[in-house]
Amino acid sequence: MRKETEMKSGKKIITENYCDECDEEIHALFDEDKFFAHKVGALKCPACGAIVMPCNECEDHDACGDCPWRGCKPVKGMSEMSYVKYIKAEEPKLFRMFLAGDCGEFYQKIAKKVNG
């Protein structure tokens, strides 16, 4: 099960994925140029250690033979707190929406913690 939330900030992409093994929510931040140049590592689930291949980020679903995630090394995904801290620093308008609860109670609680 995967869910996609994509937002571009400059050349960075924030992605929200779910682990296929344990369904843990995983956030990650990666450079768009490196992704499309096939130089980005996979996500490693912090809960169970499984490698998560975020195929929902792919723009060309017919290019699996040239998949950017093929043969990549696992890296740790962002925590929810890291994700919201990044949003506060890079996307203040979206952070204000988090604080207001426009993106749900879950992110509102984290945004309030980040905001102090």
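Structural remarks
- Subset of the range 52-68 that is under 30 Å from Ala111 (Cβ atoms) and crowded, with 17+ Cβ neighbours inside 10 Å - its residue that is modelled with the highest pLDDT: Val52
- Residue in the range 75-83 that is touching a His at 6+ places or on another chain (Cβ under 6 Å), of a type in the set (A, V, I, L, M) and within 22 Å of Tyr18 (Cβ to Cβ) present: yes
Yes/no per residue for (1) without any contact (Cβ under 8 Å) to a residue 24 or more places away in the chain; (2) among the polar types (S, T, N, Q); (3) farther than 21 Å from Glu32 by Cβ:
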| site | (1), (2), (3) |
| --- | --- |
| Met53 | yes, no, no |
| Asp66 | no, no, no |
| Ala100 | yes, no, yes |
| Gln108 | yes, yes, yes |
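- Residues located in the range 97-108, provided they are at negative phi and loosely packed, with under 14 Cβ neighbours inside 10 Å: Ala100, Asp102, Glu105, Phe106
- Scanning the range 77-97 for residues that are farther than 14 Å from Ile110 by Cα and of a type in the set (Gly, Ala, Ser) yields a count of 2.
- Scanning the range 38-51 for residues that are in contact with a strand residue (DSSP E or B) (Cβ under 9 Å, 6 or more places away or on another chain), part of a loop (DSSP other than H, G, I, E, B) and modelled with pLDDT under 80 turns up Lys39, Val40, Gly41.
- Within the range 69-89, tally of residues that are among the charged types (D, E, K, R) and either outside any helix (DSSP H, G or I) or modelled with pLDDT under 75 (or both): 3
The values are calculated or read from the model by the stated rules, or taken from the named source; none is laboratory data. All of these numbers come straight from a predicted model, not from anything done at the bench. Note that we place each Cβ from the backbone using ideal geometry, even for glycine, and neighbour counts take in every protein chain shown.
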